[in-house]
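Take a look at the structure below.
The values are calculated or read from the model by the stated rules, or taken from the named source; none is laboratory data. Here the structure is a predicted model, which is why all the values come from computation and not from measurement. Virtual Cβ from ideal backbone geometry, glycine too; neighbours counted across all protein chains shown.
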Amino acid sequence: MCGIVAYIGPREAYPIILKGLKRLEYRGYDSSGVALLNNDLRVYKKKGKVAELEDSLVGKDLHANAGMGHTRWATHGEPNDRNAHPHSSASGRLAMIHNGIIENYTQLKNELSRKGYQFKSDTDTEVLLNFIEDIQKNNNCGLEEAVRIALKRVVGAYVIVLLDKESPDTIIAARKGSPLVIGIGKGEHFLASDASPIIEYTKEVVYVNDYELAILKPDELILKNLGNEKLTPYVQKLDLELAAIEKGGYDHFMLKEIFEQPDTIFDCLRGRLDVTKGTITMAGIQQNIERLTKANRIIMVACGTSWHAGLVAEYIFEELCRIPVEVEYASEFRYRNPVIHPGDVIIAISQSGETADTIVAIEKAKENGAFIMGVVNVVGSSIARISNAGAYTHAGPEIGVASTKAFTAQLTVLTMIALKVAKEKGTIDTTRYMQLLAELHNMPEKVKEVLQLAKPIQQLAEKYKDAADALYLGRGYNFPVALEGALKLKEISYIHAEGYPAAEMKHGPIALVDEHLPVVFVATKDSYHEKIVSNIQEIKARKGKVIAVISQGDEIIEKMANDYISIPETDELVAPILSVIPMQLLAYYIGVAKGYDVDKPRNLAKSVTVE
Ligand code: AGP
């Protein structure tokens, strides 16, 4: 998820673009750049925040009435000056910025390399740009036509914006799967990923649809489809405030990120899981598959929410791959003198990729001969660089301190890795394998269904917001979800909460139970169902208030619980991706009901880069 902005008209383009990039920095902030078109085409780009780009351009000739800018959230190619956008074509005549993922870029790159093209970056974007220029040259056609031809060959998601040195009065843009809005001014036009860079200049906007192409001149906007048919732009009036736009109309980034999960899980599966072919394509894993299939032991190393993802993965890897798994708190692992055997694989899980304890823990393990696999969200982050191999979670930037969409993306990636290893090892039969692929494939739709329960969960939050303590209980795959639910409530509402394996209650914590204690059960239908029903009875017998997350149609627990949240039934192995969402929403709404800043909770940081 990157931020894109462009301008063409009588005003100075650079200041408009710079301000717009700063407004879009919540979409990605690892590198940025601008291209300015006047008599020549100047491209400036830099690793780091937009402010660093701005500082680096002081004293430069920035005069131009047309230009574009990009703030990056890396997917292909780590954050550095080379991979920052805009990219220039081989001839230098064209410049392009891009938001999205070109899934078949390797194939296009091979075709172009065979023609002698060299690439300055590791990005899919530069490949697409040269593919467009190659068509323009070979077909001897205009840029607009070359873009239309090229996009018919592209698989993936994109918003692209192009400048052509030889057409200083024109900007070309196209969209599929990533957001693009055009602002209509008097004798000028604005382009951006959302309206936040546009709102102060005009309230007249056009939201570009998939497979549409826009040709912009200062006083003209032409919309076409890839079939070269002209379309009538549907002009709308903006009635949103700036702050609301950055949060996409949600009150907080945390809520926005919770509601992004159908898309982020889809992005995680995109270009990787093919349910029809029954394949999982993950290059970083495939190239090192033997390390995993022959692993004597897998050690998950992480902190906080990522550690909970590791705990769910322990159940999954042992079940499917029959490889012993240990889950380690990085902060303990780094100081304990752990026994590391050659052949041990460490899976380091981290949203930020910058958590100090996890970094040092894996550096130590690496020194002792372990092979490090990273499951990371921030591309090019330290943990990604230290790892020998790995997979990105593609959840996009997570702004809210409480991790939500990164957690479900971590579970999705870890499940795909386990399925790939099990398939390779032959420890899973084809029916089960295909069944679990289908479960993952259908997950985004099921998540959408769970999100429709936000209102009743908000009412539950109102009911329990004054609780002094809370217990979260689960069994099997749902035990780590109980831990995660408790962590979310602690982080966001400052209510003391503990997560426990439900059967562990009898060994002490049940002493806490009385009529004032809400006890949240993660009790979706699974092989532990009967057991968890009796655990609920134990709590009921001591007047505890039972709130249960259950599978639709579970009449047994419906009758027992004081309150329940019914979610779509799914296989127990992937159920944590669904059952955690009511936990996220409950914590969020209790935090809001208590008037706390849920995006920046007290005492916490988004990335703990110190020990
Ligand atoms: C979770 O909501 C917290 N923000 C925190 O526990 C976090 O999961 C932990 O600090 C690990 O961060 P990482 O995934 O970026 O390594």
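Okay, here's what the table says:
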{"read-out": "Residue list for the stretch 332-355, restricted to those being touching a Leu at 6+ places or on another chain (Cβ under 8 Å) and away from the ligand (no atom under 16 Å from the Cβ)", "value": "Val345"}
{"read-out": "Contacts under 9 angstrom Cβ, first residue in the stretch 160-173 being touching a residue at least 60 places away in the same chain (Cβ under 8 Å), partner of a type in the set (D, E, K, R) and crowded, with 24+ Cβ neighbours inside 10 Å, 6 or more apart", "value": "Ile160/Arg175"}
{"read-out": "Subset of the stretch 364-386 [away from the ligand (no atom under 12 Å from the Cβ) and either farther than 25 Å from Gly48 by Cα or surrounded by 24 or more Cβ atoms within 10 Å (Cβ to Cβ) (or both)]", "value": "Lys364, Ala365, Lys366, Glu367, Asn368, Gly369, Ala370, Phe371, Ile372, Met373"}
{"read-out": "The stretch 287-315, subset of a type in the set (A, V, I, L, M, F, W, C) and either within 11 Å of the ligand (Cβ to nearest atom) or more than 26 Å from Val608 (Cβ to Cβ) (or both), residue surrounded by the fewest Cβ atoms within 10 Å (Cβ to Cβ)", "value": "Ile289"}
{"read-out": "One residue from Ile550, Ile536 being assigned to a strand (DSSP E or B), without any contact (Cβ under 8 Å) to a residue 60 or more places away in the chain, in contact with a helix residue (DSSP H, G or I) (Cβ under 7 Å, 6 or more places away or on another chain) and β-branched (Val, Ile, Thr)", "value": "Ile550"}
{"read-out": "Spans of strands (runs of 3 or more DSSP E) in the stretch 1-57 with at least 1 residues among the basic types (Lys, Arg) and modelled with pLDDT of 95 or more", "value": "41-47"}
{"read-out": "Unique residue being small (Gly, Ala, Ser) and not in a helix (DSSP H, G or I) when the list is Ala461, Ala486, Ala467", "value": "Ala467"}
{"read-out": "Some residue of the stretch 242-254 being crowded, with 17+ Cβ neighbours inside 10 Å, more than 30 Å from Lys364 (Cα to Cα) and of a type in the set (Phe, Trp, Tyr)", "value": "yes"}
{"read-out": "Output for the stretch 263-290, where each listed residue is assigned to a helix (DSSP H, G or I) and within 11 Å of Glu424 (Cβ to Cβ)", "value": "Ile285, Gln286, Ile289, Glu290"}
{"read-out": "Search result, residues across the stretch 6-26 that are under 21 Å from the mean Cα position of the chain (by Cα) and crowded, with 24+ Cβ neighbours inside 10 Å", "value": "Leu21, Arg23, Leu24"}
{"read-out": "From Asp134, Asp81, Asp61, Asp55, residue being surrounded by fewer than 19 Cβ atoms within 10 Å (Cβ to Cβ), more than 31 Å from the chain's Cα centre (by Cα) and more than 24 Å from Phe266 (Cα to Cα)", "value": "Asp61"}
{"read-out": "Residue in the stretch 266-277 that is crowded, with 23+ Cβ neighbours inside 10 Å, under 15 Å from the mean Cα position of the chain (by Cα) and either within 16 Å of the ligand (Cβ to nearest atom) or among the polar types (S, T, N, Q) (or both) present", "value": "yes"}
{"read-out": "All positions within the stretch 335-356 that are under 29 Å from the mean Cα position of the chain (by Cα) and farther than 15 Å from Gly369 by Cβ", "value": "Ile347, Ala348, Ile349, Ser350, Gln351, Ser352, Gly353, Glu354, Thr355, Ala356"}
{"read-out": "Any hit, the stretch 591-606, residues being more than 16 Å from the ligand (Cβ to nearest atom), over 22 Å from Leu453 (Cα atoms) and either part of a helix (DSSP H, G or I) or among the aromatic types (Phe, Trp, Tyr) (or both)", "value": "no"}
{"read-out": "So Ala418, is it touching a residue at least 60 places away in the same chain (Cβ under 8 Å), of a type in the set (Gly, Ala, Ser), assigned to a helix (DSSP H, G or I) and within 16 Å of the ligand (Cβ to nearest atom)", "value": "no"}
{"read-out": "Residue in the stretch 375-395 that is charged (D, E, K, R) and assigned to a helix (DSSP H, G or I) present", "value": "yes"}
{"read-out": "Conditions (1) hydrophobic (A, V, I, L, M, F, W, C); (2) surrounded by fewer than 24 Cβ atoms within 10 Å (Cβ to Cβ); (3) more than 24 Å from Ile323 (Cβ to Cβ); (4) away from the ligand (no atom under 16 Å from the Cβ): number failed by Leu473", "value": "(2)"}
{"read-out": "Tyr207 under 25 Å from the mean Cα position of the chain (by Cα) and among the aromatic types (Phe, Trp, Tyr)", "value": "yes"}
{"read-out": "Odd one out for Val360, checked against (1) touching a helix residue (DSSP H, G or I) at 6+ places or on another chain (Cβ under 9 Å); (2) within 12 Å of the ligand (Cβ to nearest atom); (3) of a type in the set (A, V, I, L, M)", "value": "(2)"}
{"read-out": "Exclusive hit being closer than 20 Å to Leu292 by Cα, buried (at least 24 other Cβ atoms within 10 Å of the Cβ) and within 13 Å of the ligand (Cβ to nearest atom), set Thr393, Thr408", "value": "Thr393"}
